[in-house]
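Reading through the structure tokens given below for one structure.
No value in this document is a laboratory result; all are computed from the given coordinates. Everything quoted here is computed from the prediction, not taken from an experiment. Cβ sites come from the backbone with ideal geometry, for glycine too, and all protein chains shown count toward neighbours.
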Amino acid sequence: MNIDKLTKDVINETDEIIKKFGPRLAGTKASLDTADYLFEEAKEYSDQTFSEDFYINKGAFLGWINLLVICYLLGFVSFVLGYVLITVVLTVVSVLILYLQFIRYLPIIDFLFPKRKARNVYGVIEPKAEVKRQIIISGHHDSAPIFNFFIHQPKLYGLRVTGSIMFVLLSMVLAVVNIFVKHDILYYVSIGIIGLGLLLVLQMWFFRSKKATPGAGDNLASTMVAFMLGKHFYNLKGTKDELKHTRIIFASFDAEEEGLRGARAFVKAHKDALLETKTYLLNIECLYDENELFFLTSDINNTVKLSDSLADDLIKVASNLGIKTHKQNIAVLTGGTDAGEFGKINVEATTIMGMPWSNDNRNMAYHTPNDTIENVSFRAINHTINVFYNYIIKKDNEN
């Protein structure tokens, strides 16, 4: 296996797709056209190829931010005017929407946003003999909206986002206390604190841009890793190295940046098939830095458990190849990956990441206009291909 050649193919194909279709927000023509392009590509090296449409509410996933700003401003005005109960209601609603829509990724406010079509694409490669397991290799082809806070004063990202949320929680507590404790000093101090919070909360309105990133590292290069690995295993058919008992599914999900809606649609449509045959998901995200490779053991803001045993197996394979990796849970408020939707139904799943993943430390290209192929790591792609290939061979040789 010529891993360097596969790596170059991933880079070249990623660059070509971006030049052809540009940024690809989910629910736009660019994302749908990219899915169609991938479908035509996959037909050349899969036994079966599928394109599956589903619907999203475009902009809904991060729409909680705008609602939070509106509710906070109205809550402050209500508090100043003496309608403290209204402030309580508005802050409680804000917190519930934040928790359910973003922390848990539930479609609580989706109905408020326009419905748009999105499209998943995947290819299936059958083994030579009886199927004993199936391994899904996946990325996503939609690109993210630009996060303005990562462009302007990125070192203050944690303070601006986490601080805003803390002020909403503090305002809720202060409003509740003022309902039960009637005291002028408490009331005016509360006005001052809630008013101070406006400085942070109001700027959240400008958190994201209407424009999208080029989406090379997040996450088109990962899709191409999945597809090039699929192509390699397909080309082994009819040779002594053909997989014997392992079905390969290489997939590109849409609308990951809209709250994992593509992976959710795929899991919902194929739940029985995913559970009837032993299934492993090898998801890929953000291959920016070969020195920061790790496997997720939880997802969706640490509310969904992923597979420790799968992560351990992959770390062992990587170690045998001289590649340094580790495993870790995902941090709260850092979001989620498509693996989370598979973890919800207890499919063994993990995501390999190629950058630091915390609220105050991420790659400088992440969710910015700098997310171009030049900022994706050749070695991170190379290592991912190497680890996944050897893991798949190892699993196929198991009885």
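Okay, here's what the table says:
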item	result
Antiparallel bridges, percent of DSSP beta bridges restricted to the chain (to nearest 5)	50
At 1.002 mPa s and 20 °C, Stokes diffusion of the range 64-126 via Kirkwood alpha-carbon radius, µm² per second	153
Pairwise label distance in nanometres, Leu106 with Ser309, each label 7 Å out on the Cα-Cβ vector	3.1
Lys316-Ile345 pseudo-label distance in nm [points 7 Å out on the Cα-to-Cβ vector]	2.8
Extension gain from Ile185 to Asn291, taking 0.36 nm per residue of separation minus the Cα-Cα distance	32.8 nm
Calculated over the chain: convex hull of Cα atoms, volume per residue (Å³)	132
CD proxy at 222 nm, helix term only [per DSSP H run n ≥ 4: -39500 (n - 2.57); per residue of the chain; nearest 500]	-14500 deg cm²/dmol
Most mobile of Leu296, Leu174, Leu199 in a GNM of the chain (Cα contacts under 10 Å)	Leu199
Estimated FRET transfer efficiency when R0 is 22 angstrom, pair Lys132-Asp4 (beta carbons, to 0.05)	0.10
12 Å beta-carbon shell around Ser46, net charge (K/R +1, D/E -1)	-1
Selection of trypsin sites (Lys or Arg not before Pro), the range 322-399, meeting DSSP coil and at most 15 other Cβ within 10 Å	Lys324
Loop-located chymotrypsin sites (Phe, Trp or Tyr not before Pro) in the range 150-239, at most 10 other Cβ atoms within 10 Å (DSSP)	none
Rough spin-label spacing in nm, given labels placed 7 Å along Cα→Cβ, for Leu199 and Ile86	2.6
Linear extension gain, Val177 paired with Asp36, 0.36 nm per residue minus alpha-carbon span	45.2 nm
Partners for Lys155 among lysines (Cα-Cα distance below 26 Å; same-chain residues under 8 apart left out)	Lys210, Lys211, Lys327
Top of Val304, Val201, Val80 by mean-square fluctuation, Gaussian network on the chain, Cα under 10 Å	Val80
Exposure proxy order (Cβ contacts within 10 Å, fewest to most) of Glu348, Glu256, Glu285, Glu126	Glu126, Glu348, Glu285, Glu256
